[in-house]
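I have placed the structure first, in the form of structure tokens, so that the comments after it can refer back to it.
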Amino acid sequence: MRKIQMVDLQTQYQEIKEPVDAGIQEVIDSASFVKGEKVQLFQEHLAQWLGVKHVIAVGNGTDALQIALMSLGLKPGDEVITPTFTFIATAEVAGLLGFTPVVVDVDFDTFNMSADAVRRAITPKTKAIVPVHLFGQCAEMEELLSIAREHNLYVVEDACQAIGSEYTFSDGQKRQAGCMGHIGCTSFFPSKNLGCYGDGGALFTDDDALAERIRVIANHGMTIRYHHDLIGVNSRLDSIQAAVLEAKLPHLKAYTAARQSAAAYYDKAFAGNPHLLIPGRSPHSTHVFHQYTLRLVPPAGVEASVYRDNVRNELQQRGIPAMIYYPVPLHMQKAYLDPRYKQGDFPSAERLAACVLSLPMHTCLDQEQLEYITTNLLQIVK
Ligand SMILES: *Cc1c(COP(=O)(O)O)cnc(C)c1O
């Protein structure tokens, strides 16, 4: 059996070696390493793929979120609402820019931001909502967009884990993750669902004026060469990474299907087990399984995190890696401790942080590996 890894990029590379190597070689031959034609082409192809007007490639997903928030004309002290159970990036960039990150609880079943909690968190200073489509499934966008319209707020989607996830509105209209709010952001970090071989990210928008501001901000705030009308940053996708992404984009649908099929195998094996809660599904969104995340239910009298950590250790001993995404909610992170928040304020997020465990998930898991993982986990928790 091939060694089991959380993410197996070596096996995936062997399948696409030829187009990837050829694309990289083309960039080296052209010596057009920055702002080359490859980046242009990839932006166009991804925009077509997503059905969105503008794709602006940048240096990474965190930059994409930062540039998105910079483009909205917010003022210091303006409040930006984001979930407390997520990766740090959304709160980090809001804080860095002098805005106030306001965190809200998530739904225990889908791991995504609770729309009711967002409604309760709105104040006169609220200017933007930044939902995260966590683990590959869209947040409840119809409700979030309607709250945003009601209160005149911007919506910036963090779709770093959810590229290819599709959301269906009640009128039957379907939209891709990252293409519903004013701006969507994604990451091409190697382990993401569409990953390059280094750092990369992008912003999506249908708004021409915002797209123009985003392009200017990502390029030192420069409108005409050496004329800087805005304070910007330097953030760009390099051509070699664009070549890798160009080679991978035609496979994204098949990659998603492979993840979904591994998830279906896990679901079937674990459904009904009293110690393993399979990931809950939104009725409105497809799930592209950036992560397959279980919630572990401890036996009576055992603390959740102790049980979870023991199960993880036993898996490790059997050669099965498993990760905790995420062990500490944002409101409990040292850099973000805020007198407004205390332990117990966001019960679902705190419960999740103590009981989640993500299993290996990638595009090259085979039947033998899946059987080994599920059989062993079922033995451990019995
Ligand atoms: C990966 C990720 C980011 C940041 O992307 P980078 O490219 O690593 O900067 C932001 N938000 C979420 C939810 C992510 O998973």
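The values are calculated or read from the model by the stated rules, or taken from the named source; none is laboratory data. Since the model is a prediction, treat every value here as computed from it, not as a measurement. Counting neighbours? That spans all protein chains shown, and the Cβs are built from the backbone with ideal geometry, glycine included.
Taking the conditions exactly as written (under 20 Å from L74 (Cα atoms), outside any loop (DSSP other than H, G, I, E, B), modelled with pLDDT of 95 or more and within 16 Å of the ligand (Cβ to nearest atom)), does V118 satisfy them or not?
When the stated conditions are applied, V118 does not pass them.
I need a count of the residues in segment 280-339 that are part of a helix (DSSP H, G or I) and not small (G, A, S).
Count: 17.
State yes or no: is G178 touching an Asp or Glu at 6+ places or on another chain (Cβ under 6 Å), part of a strand (DSSP E or B) and in the same structural domain as L46 (by TED's automatic domain parsing)?
In short, no.
Taking segment 173-202 as the region of interest, how many residues are in contact with a helix residue (DSSP H, G or I) (Cβ under 8 Å, 6 or more places away or on another chain), of a type in the set (A, V, I, L, M) and within 12 Å of the ligand (Cβ to nearest atom)?
Summing the residues that are in contact with a helix residue (DSSP H, G or I) (Cβ under 8 Å, 6 or more places away or on another chain), of a type in the set (A, V, I, L, M) and within 12 Å of the ligand (Cβ to nearest atom) in segment 173-202 gives 2.
Anything in segment 88-103 that is part of a loop (DSSP other than H, G, I, E, B), of a type outside the set (A, V, I, L, M, F, W, C) and crowded, with 21+ Cβ neighbours inside 10 Å? List them, or say none.
none
Considering only segment 139-162, state which residues are among the hydrophobic types (A, V, I, L, M, F, W, C) and either assigned to a helix (DSSP H, G or I) or more than 16 Å from the ligand (Cβ to nearest atom) (or both).
M141, L144, L145, I147, A148, L153
Out of L74, L41, I need the residue that is away from the ligand (no atom under 16 Å from the Cβ), of a type in the set (A, V, I, L, M, F, W, C), in the same structural domain as I214 (by TED's automatic domain parsing) and surrounded by 18 or more Cβ atoms within 10 Å (Cβ to Cβ). Which one?
Residue meeting the stated conditions: L74.
Please find, among L276, L210, the residue that is closer than 28 Å to V311 by Cβ, away from the ligand (no atom under 14 Å from the Cβ) and among the aliphatic types (A, V, I, L, M).
Result of the check over L276, L210: L276.
Answer yes or no as to whether G232 is crowded, with 17+ Cβ neighbours inside 10 Å, modelled with pLDDT of 95 or more, assigned to a loop (DSSP other than H, G, I, E, B) and within 16 Å of the ligand (Cβ to nearest atom).
Considered against the rule, which asks whether it is crowded, with 17+ Cβ neighbours inside 10 Å, modelled with pLDDT of 95 or more, assigned to a loop (DSSP other than H, G, I, E, B) and within 16 Å of the ligand (Cβ to nearest atom), G232 comes out as no.
Is it the case that R213 is assigned by TED's automatic domain parsing to the domain that holds G181, of a type in the set (K, R), surrounded by 13 or more Cβ atoms within 10 Å (Cβ to Cβ) and over 17 Å from V39 (Cα atoms)?
yes
Condition first: away from the ligand (no atom under 16 Å from the Cβ), surrounded by fewer than 24 Cβ atoms within 10 Å (Cβ to Cβ) and either modelled with pLDDT under 95 or among the aromatic types (F, W, Y) (or both). Can you find one or more residues in segment 80-87 that meet it?
no
Output the number of residues of segment 26-38 satisfying the condition of being over 27 Å from K53 (Cβ atoms) and either within 24 Å of the chain's Cα centre (by Cα) or exposed (fewer than 12 other Cβ atoms within 10 Å of the Cβ) (or both).
The total comes to 2.
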